[in-house]
Every structure is written in C-alpha cells, then in structure tokens.
Amino acid sequence: MAKAQRMVKDHLTSFRMIILSFVLMILTGAVLLCLPWASVGGEKVSFLDALFTSTSAACVTGLVVFDTATKWTVFGRIVILLLIQVGGLGVVTMAAAVLTLTGTQIGLLPRLAVQDAVSAPELGSVVKFMKFLIIATFCIEGIGALCLLPVFAGRLGLQKGLGYAVFHSVSAFCNAGFDLMGTQEPFSSLTSFSSSLAVNVVIMVLIILGGLGFLTWSDLLNSRFRFKRLRLQTKIILISTAALIFLPALFFYFIEFRNCSGIERLLLSLFQSVTPRTAGFNTADYASMSDSSLLITIMLMMVGGAPGSTAGGMKVTTMAVLFLASGAFLRRQDNVNCFRRRIEKEAIQNAMALLTIYIFLLLAGSIVLSSIEGLPILNSMFECASALGTVGLTTGITTGLSALSRAILISFMFFGRIGGLTLGYAFASTIHVNCGMMPVEKVSVG
C-alpha cells in the first residue's frame, strides 16, 4: 500500500494534476448535460454532443453544436456557467481557493499546480496571489453584470435581465463566448447589439481584462500604474495587446466595414479586433466577411491572450519573444534584449517549440477537416484555429460537422486550454541533463 502511494506521488506531477482536473471536470459536465432535465423538453442529448459542449465550456472556447439559449434549460445553463467559471480560473486554482477560505492548509503539490496554472512568479506568494485572483474575478464580473443589467433588463425584464447580465459578464471575463441571444435568432451571438455602445464597451473591457492576466494586473497595482516600474513581461503584454487590438481594428475600419457608418462602424471594427483574443462573441457575421479578414482573425486567434489569463492561444508573449529574437538574429546580436533587459534563451526555445506545434496542428487539422467535410480550406482553418485558440468564433459550420470532425475539435480545445508546454512537461518522465556536448557540424538554413 505504501509503495503504491509513493508511486502515485512520484508520477502525479503538478502538470499532470492540472490535466487530470480538467479531464474530470469535462467528463462530469458531459454527464450532467446528458441528464433529461438539462435539455429543453427532456430531449436526449448524445454523449458526444454533451462532451463537445462541456469541453467548449470548461476550456472557455464557445464553439457549440446547439444554441445555448434554446437547447438548454436553466439547469443546463447553470452547469455551463459553472464550467466556464471554473475552467476560466482553473480547476486546481478554484479547489485550492476553497481550501484556503475554509482555513485548510494546502500541500506542496497543489501549490505547485496552482503556480503552474496561473503563472505565479514565486511559490511562496501563491496563496496570497490566489486570494487576489478570486476576489478580483468576482468583483470585475459583478461590476460587469451591473453595467450590462440596464440594457438586458430593458429588453427582457429585471429578473431575466439579471440572469443574462451575470451569464454574459462571466462568459466575457472568462473569454468563453457563450451567449443566450439565440431566442431572437439561433447562433446570433451579439449581432443585435452591434450599435449598442454600452454592450460593446462593457464586453470588450471584460474580454481585455480577462485576457491580460491576473499577474499583469497585480504588477500594475503594485507599481501604481507606473510603466517604468513594471516587470518586463507586463510591459511586453501591454504593448503587444495594444498593437494587436488597434492595428487589426484599422484594417477592419477601412476595409471590411467601409460600407457602415458612424459609431457602428467604429464599434464593429474594435469588437472584431478584440474578440478573437480569445472570447468568441461576435457582432458581425463571419460567414459574410472577406477572406483577408478571416485570415487576420485566424492569426489573432492563434496568438491569444497573456500567460496566466483566462484566454487561450500561443500567448502574446510567445509572439513578442519570437519577434524580438528574429530582430536580434538578423542584427547578428548574441542576446535578445528588450527594455534594457535580456530575455533568457529558454523562453526563446519554448516560444519556437510552441509556434511549431500550433502551426503543425492548425495545418494538419485543417487538411483533415477539409478532406472529411468537403469544406473550403480557409473555413476549415478558421474552425481549427478557433478551437486551438479556445476562441469560439465560427463561419457557421460547427453544427454540420461529423462525429470525427467534432472529436478533432474537442481535442484541439483541450490542447488549447491546457497548453502545449503543460502537456509536454506532463508526459516527460525525466529531465535530461547533458553532462557533455556532441561535436558540432554545420547545417545550412535559409
């Protein structure tokens, strides 16, 4: 018995704990969504469809095979909302937070898992940082719900409007993209609010706050919003996020939505620039957008948000490090520097590995999806990028996909939420330390 316990402790690393917690949560959610009282009219839902919905909610993606508003009962929506909330913050983080609030001591392995899940800088500050994370989350979501309440209450009444406000505030902050607007038109998302200043601004702010990450906000508060005092990672996140919002917004404003006018044109441009990273709400119909706009959206979906945030994707720091490294290599510099700081080589290697993995999965998944379903390669690529980046945007092909294609998207959503490095570290049994180096031989590149 003691030997078996030692084996479990040896093999259950922090990364494996993160993966196992998500698997258990997804399976639990799928079972609950299969129950008769989870769907309207008690209609039977296949386990694959329930698993797809549960994975999408737990991995805060937003891709759906059923319209959330018309398919699921109040019980089903609550299950989905809980999956979004727990999935956005992380199962291990939520469990550890509950233990902390009840006064229970947290062991070393859960602390390590929380540190890996939220990208906390130091193990000793995990509990303090976790409390900040939980309090900040509920405060921001509560304020978001209050800001959305007047709009939804005006359309749906106070009681229903309150439920809608809470649901969409949590979904936006957790970058999930689930909505309840299908009662007006199935799978319409927020298209009916394309000219609503209040809804657009509140949802965009919630998406950005969730996508920046709690470590970023903690650093901003500790530095009292003084840019020079910020950590290098925070500076990179802020600058990269601003660039990835405003540059695509300019393209959408002058190219994609040039037939619109006034405040609606500005809101459409900004919203379609913010939501791919990685929320899944939309105020425009992506099925009618140009190929160039779809390609830009695919790139935004693959980049995603910041490390330790509710967003998915490769992360903005990954692309920033690769951009900086490319510039340094072209200038024949030995080190990669940014803001008078040197970026460690391990970060560059991790970034290169992540980019390779994501591009390979995107291309492979797109080819398979296009071959199976007979769809244009760009539409297939859009769907795969949406799943890998845990975004939830679609050109309208999700509901018509076969079981095999849905299984591929399920695996992509899980991979996108867990992260390539987490999966790699989880299945690496040992760490190999090189005591010597092999002989060098030149290989021509480029």
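The values are calculated or read from the model by the stated rules, or taken from the named source; none is laboratory data. Bear in mind that the values here come from a model prediction, so they are computed numbers and not experimental data. For neighbour counting, all protein chains shown are included, and Cβ atoms are generated from backbone atoms with ideal geometry for every residue, glycine included. Heads up: the accessible areas ignore ligands, DNA and RNA and are worked out on the full protein's heavy atoms, side chains in. Shrake-Rupley method; radii C 1.70, N 1.55, O 1.52, S 1.80 Å.
When you count the other C-beta atoms within 10 angstrom of each residue and take the mean per peptide, 187-194, 373-380, 258-265 line up highest first as 187-194, 373-380, 258-265.
Each label point was placed 7 Å from the Cα along the Cα-to-Cβ direction; for Leu232 and Gln184 their separation is 4.7 nm. Amide H to amide H distances under 5 Å link Val336 with Ile343, where only residues 5 or more positions off or on other chains count and H is placed in the peptide plane. Separation of segment 232-294 and segment 135-149, taken as the distance between their Cα centroids, equals 24 angstrom. Here the calculated FRET efficiency for Leu247 and Leu48, from their Cβ-Cβ distance with R0 = 35 Å, stands at 0.35, rounded to the nearest 0.05. Note on segment 136-219: with neighbouring protein chains present and a 1.4 Å probe, carbon and sulfur make up 71 percent of its accessible heavy-atom surface. Here's the list of lysines a cross-link from Lys345 could span, going by alpha-carbon distance under 21 Å and ignoring same-chain residues fewer than 8 apart: Lys235, Lys315, Lys442. Accessible surface comparison of Ser39, Ser371, probe 1.4 Å, protein chains only, largest first: the order is Ser371, Ser39. For Val65, the accessible surface of its heavy atoms amounts to roughly 10 Å² (probe 1.4 Å, protein chains only, rounded to the nearest 10). The residues of segment 154-270 expose on average 46 square angstrom of accessible surface per residue, using a 1.4 Å probe on protein heavy atoms. Where Lys and Arg each count +1 and Asp and Glu each count -1, what net charge lies around Ser196 among other residues with Cβ under 11 Å from its Cβ? Once all neighbours under 11 Å are counted, the net charge is 0. Working from label points 7 Å from Cα in the Cα-to-Cβ sense, the Thr356 to Ala198 distance is 5.2 nm. Given axes a ≥ b ≥ c from the Cα gyration tensor, I'd like to know whether segment 197-351 is rounded (a/c under 1.5), prolate (a/b larger than b/c) or oblate. Prolate, since a/c reaches 1.5 and a/b exceeds b/c. Looking at segment 270-335, which trypsin sites (Lys or Arg not before Pro) are in a loop (DSSP not H, G, I, E or B) and have at most 14 other Cβ atoms within 10 Å? Taking segment 270-335 and a limit of 14 other Cβ atoms within 10 Å, the loop trypsin sites (Lys or Arg not before Pro) found are Arg331, Arg332.
Each label was represented as a point 7 Å from its Cα along the Cα-to-Cβ direction; for Arg342 and Ile372 these points are 4.8 nm apart. The portion of the accessible surface of segment 274-336 made up by carbon and sulfur, rounded to a whole percent, is 58 (1.4 Å probe; DNA, RNA and ligands excluded).
Considering only the other residues whose Cβ falls under 15 Å of the Cβ of Ala165, what net charge follows from Lys and Arg at +1 and Asp and Glu at -1? Overall, the nearby charge balance is +1.
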